[in-house]
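Visitor: First, the structure itself, so that you have it in front of you.
Only the coordinates and a few stated rules stand behind these numbers; no lab work does. Keep in mind that this is a model prediction, so the values were computed, not measured. Note that each Cβ is placed from the backbone with ideal geometry, even for glycine, and that neighbours are counted across all protein chains shown.
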Amino acid sequence: MKRTLLLLVCLASALAHAQGEELENPGTVLAVQDRTYRMSSELWIGVGIAPLDAFYKGLTGQVGYVYHFSDSFAWQVGRGLLSYNIKTGLRNQLETQFGVSPTAFPQLNWIVGSDVMWTPIYGKTSWLNSSVGHFEVFGTLGGSVINERIAADVASGTGQTVFRPAVHLGLGARIFTSKSVSFRLDFSNEFVIYKGLESNIILVQLALALNFGGTE
Amino acid sequence: MSVVRMQSATAAAVTLLLALQGVAQTPPPQPAPRPPAGSVPAPAAQPPAPARPPAGSVPAAAAPAPAQPGAQPAAGQPQAGQEQPPPKVDPKIFDEALKDYFDDKQEQAARKLYAFIESTPPTDENFSWAQYFLARCLIDLNLRHAGAVYLAKVAHERSNPQVLPKTLEALKVLTLVPHDEVLIDEQIFGSLDLGFLPDSVSDYANYQQGLVDLRVGNERWARTHFVKLDEAGVEASRAKFALLVTRLRNAKGVVDDQMIEDFLELSKDEKLTMEARNEARLAVARLRYEKKDYEGALKAYDMVQLPPLDPGRATLYLEEAWTRYNLGQLRATIGLLTTLDAPSFRDEFLPDKYILRALVYRDLCQYLPAKRAAKELTRRFSDSLEAIRERDDLTQDFRLRRAANSHGSTKRAAKFLESLNLEGENLGRHAGGFGDRLYKHLGHVYDLAHAEAERLYQQRLRDAVREEADKLLRADEQVRLMEYEVGLKLYERVKRGAKLAQPEKQVQLTSAQIAFKFTGEYWNDELRSYRVSIPSRCLEEGAQ
């Protein structure tokens, strides 16, 4: 009984304090602004890296087109990536010192895909207290088709390639520099699906995006 | 109860507009540009005539030049009995000085030019050039007032017609920064013989002389100057602005549509600076407010353009807040008052702000906040109110002094005084380079200028603090009325069956809008965007 009374007294004082605050400073304040930057049709071109594989590092070039239905939802209609692969020191060592066959190293050739894009965060930031920059953070989810070289004929320079499906999951941020130009930084992962031999291809990419038809 | 806006819009307009003497200055203030080497008699290209003191010429000390306006001692005229007579110098020192000047050795050049001026009669062909280049040296060394004194001498003496255009152009540039208004605006540009002026400065001189006539109430004479202005020039636009302000001042509260249209047209004149165009827009808004055309006034306020991230002026927000209050937009009014709490405006003297906030809260039946807002004024300005009641020296009151210094002629006088102080300090750094004679002479020039500027500033300050004190007292009176009324409302009996009035519908955000919750952190780009959600506690009409 005493405990209940004590609890009630505490609650009553807290409520009274809250009510007093509301009486003294009523209302809430929002800064409501027109969005400075709005995307519509976006064409982007980027360069990046596929850093995960221990036997090669891919230098990638990618282009894509995104249609923005609203400020928070968009469809990345298509994207295509080409990878230029560079052997790592480990692979060289395996091939030259341990006699491992070069055909044993599958590597990425190219990717095409399509995603949906969700942009829940739009914000602004202050640069050295002298200018204001705007940014947004988005996530992407979609499907891809991946072309990988799984065997190579070193002598002829040809090899056997395969197509594999993948689920694309990404996170990115965009910094606006003008109504029509922005820069994107994308981190994404391709979950390659293949009969129990699933693998991941992680991509990091910086892109220049051009916006067409955005509302002023 | 009649709580009214503290200052009529017309009066505010006149005060503000007249306060901006340099309201339409086109280029931003910048130091005097250095002339191209070929545009003056440079030693190599166009050697000036050698300075030959005529035989038997009287030394400068023995033949003092007529006293210059502004009680400045004549250049190179040391007071007899106090200083040694100036040493004789070789006339070639003038050429050396010019060479030093173009080699960016301003200190050495100034010392030599001063020595030349001291030992050379004013009739010498190079005398005016020496004065002009001495002025340029001093301006380059950030001793602008001293430079202005020498330029003024050249403009007054007019002994060499070739020097005059450059001198007047240099003086025109000096008007863009805090300067001696009596010396430059009135005694030079306000009294020049316009018939002999070069085209480059004749418009400016005509404009200045028209302004002088307007200030003494002679509009007809002013028009005779203004009609000579080139229509395509910036001075013509500035003259229109000055005439409109004068008409507004003389209208004494009678506002006609034509005047509004004229200001509106002027607000679109690209020849004027953004600040001047904004002043014209504010004038339109104030005049419409006076005519109770509040919607129109709001449109004019919306037309005011601010540079990116510029916080704008507190008076702009306060006036817009009054306009919205009169339109019944109580929440938008509170939004603007929130803006006025921003750090950028923390030092502004705005007693109206507290009254208006209390009025809005009162209209929303938020009586406790209303009382609190009203009391905030007496709390914040308690020292100043006490000083007024005790009949203390109001110029010593920090808040009133700051308010007085923030606008009008007092602001200009304060800025000029401040610049003299800075230049006086700066002079000390050149003591070695200038040599004893020039340093002493300039010290004397600055002492005199400082004394006069201080006297003028104190005179203007006394008048200005009295005005601010009046404003504060009126606001204090309004606060008492407000407290009384709110007190009555607080203890009013609630009628049986009374219900709270229906809450106002919230305006939904559109897809193109974004909302940032305000947590006390002010961003300059948001200052005009605050939207307040505050419930009304008023009871429905018709309760028993």
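Visitor: If I model a spin label as a point 7 Å beyond the Cα along the Cα-Cβ vector, how far apart are those points for B:His444 and B:Glu270 in nm?
Guide: 5.3
Visitor: Also, quick follow-up: In the structure shown, do any of B:Lys240/B:Lys411; B:Lys228/B:Lys411; B:Lys153/B:Lys440 have a Cα-Cα gap over 26 Å, and if so which?
Guide: Details: B:Lys240/B:Lys411 24 Å; B:Lys228/B:Lys411 31 Å; B:Lys153/B:Lys440 19 Å.
With Cα atoms farther than 26 Å apart: B:Lys228/B:Lys411.
Visitor: Can you give the Rg to Rh ratio for the stretch B:381-449, taking only C-alpha atoms and Rh from Kirkwood?
Guide: Rg divided by Rh gives 1.23.
Visitor: Something else: Too long at a 21 Å Cα-Cα cut-off: which of B:Lys252/B:Lys291; B:Lys271/B:Lys292; B:Lys268/B:Lys299?
Guide: On the way: B:Lys252/B:Lys291 13 Å; B:Lys271/B:Lys292 31 Å; B:Lys268/B:Lys299 14 Å.
Table pairs above 21 Å Cα-Cα are B:Lys271/B:Lys292.
Visitor: Just to be sure I understand the model, the point goes 7 Å from the Cα along the line to the Cβ. What's the resulting B:Asp257 to A:Ser131 distance in nm?
Guide: Each label point lies 7 Å from its Cα, and together they span 4.6 nm.
Visitor: Same structure again: Write down the Kirkwood hydrodynamic radius of the stretch B:251-374, to one decimal in angstroms, obtained as one divided by the mean of 1/r over all alpha carbon pairs. Present the calculation step by step, with values, prior to reporting the outcome.
Guide: On the way: mean 1/r = 0.0649 Å⁻¹.
Value: 15.4 Å, from the Cα pair sum.
Visitor: Say R0 is 25 Å: what FRET efficiency, to the nearest 0.05, do B:Leu327 and B:Lys517 get from their beta-carbon distance? Mind showing how you got there, number by number?
Guide: Working: r = 26 Å, r/R0 = 1.04.
Once rounded, the FRET efficiency stands at 0.45.
Visitor: Tell me, B:Met259, B:Met482 in order of fewest to most beta-carbon neighbours within 10 Å? List each step's numbers first, then the result.
Guide: Numbers: B:Met259 17, B:Met482 24.
Sorted ascending by nearby Cβ count, the order is B:Met259, B:Met482.
Visitor: Then there is this: Calculate one ³J(HN,Hα) per residue across the stretch B:304-316 by plugging θ = phi - 60° into the Karplus curve 6.51 cos²θ - 1.76 cosθ + 1.60, and present them in order as whole Hz with x for glycine and proline.
Guide: 5, 9, 10, x, x, 6, 7, x, x, 10, 4, 4, 4
Visitor: Taking 0.36 nm per residue of separation and subtracting the Cα-Cα distance, what length does fully extending A:Ser178 through A:Val112 add? Please list the in-between numbers first.
Guide: Numbers: separation 66, 0.36 × 66 = 23.76 nm, distance 2.87 nm.
That works out to 20.9 nm of additional length.
Visitor: Also: Which order do A:Met39, B:Met274 fall in if you start with the one that has the fewest other Cβ atoms within 10 Å?
Guide: Details: A:Met39 27, B:Met274 13.
Going from least to most buried by this count: B:Met274, A:Met39.
Visitor: Continuing with this model, one more query. May I ask you to list the aspartates and glutamates whose Cα is less than 15 Å away from that of B:Lys415, ignoring any residue fewer than eight positions away on the same chain?
Guide: Filter leaves B:Asp180, B:Glu181, B:Glu423, B:Glu452, B:Glu454.
Visitor: Oh, and also: Arranged by the count of other C-beta atoms within 10 angstrom, fewest first, what order do B:Ile117, B:Ile260 take? Walk me through the numbers on the way to the answer.
Guide: Numbers: B:Ile117 31, B:Ile260 21.
Ascending Cβ contact count within 10 Å gives the list B:Ile260, B:Ile117.
Visitor: Could you name the lysines in cross-link range of B:Lys375, using Cα to Cα under 27 Å and dropping any fewer than eight places away on the same chain?
Guide: B:Lys353, B:Lys471, B:Lys489
Visitor: Now, a different point. Across the stretch B:126-135, in residue order, what do the Karplus-derived ³J(HN,Hα) couplings come to in whole Hz, using 6.51 cos²θ - 1.76 cosθ + 1.60 with θ = phi - 60° and x for Gly and Pro?
Guide: For the stretch B:126-135, the Karplus curve yields 8, 4, 5, 4, 4, 5, 4, 6, 4, 4 Hz.
Visitor: Let me ask something else. First measure r as the distance between the Cβ atoms of B:Lys105 and B:Asn426, then evaluate 1/(1 + (r/R0)^6) with R0 = 22 Å and state the FRET efficiency to the nearest 0.05.
Guide: 0.80
Visitor: At a Cα cut-off below 13 Å, give the aspartates and glutamates reachable from A:Lys124, other chains included and same-chain residues fewer than 8 away excluded.
Guide: Hits, sequence-local ones excluded: A:Asp34, A:Glu136, B:Asp525, B:Glu526.
Visitor: May I pose another question? I'd like the projected area of the stretch A:40-212, averaged over all directions, using the convex hull of its alpha carbons. Report it in nm² with one decimal. Don't skip to the end; give the middle numbers.
Guide: Numbers: hull surface 47.6 nm².
With every direction weighted equally, the projected area is 11.9 nm².
Visitor: Would you mind getting me the FRET efficiency between B:Gln508 and B:Arg466? Use the beta-carbon distance for r and R0 = 51 Å, nearest 0.05. Display every interim value, and only then the final one.
Guide: Values: r = 50 Å, r/R0 = 0.98.
Calculated value: 0.50.
Visitor: Just grab the label-to-label distance for A:Ser72 and B:Lys291, each label 7 Å out from Cα along the Cβ direction, in nm (one decimal).
Guide: 4.5
Visitor: Give me the number: length gained by fully extending A:Gln97 to A:Leu59, i.e. 0.36 nm times residue separation minus the C-alpha to C-alpha distance, one decimal in nm. List each step's numbers first, then the result.
Guide: Details: separation 38, 0.36 × 38 = 13.68 nm, distance 2.61 nm.
Extra length available between A:Gln97 and A:Leu59 comes to 11.1 nm.
Visitor: May I pose another question? Using each residue's phi in the stretch B:207-216, evaluate 6.51 cos²θ - 1.76 cosθ + 1.60 at θ = phi - 60° and report the 3J(HN,Hα) Karplus result to the nearest Hz, with x for Gly and Pro.
Guide: Going residue by residue, I get 4, 4, 5, x, 4, 4, 5, 4, 5, 8 Hz, with x marking Gly and Pro.
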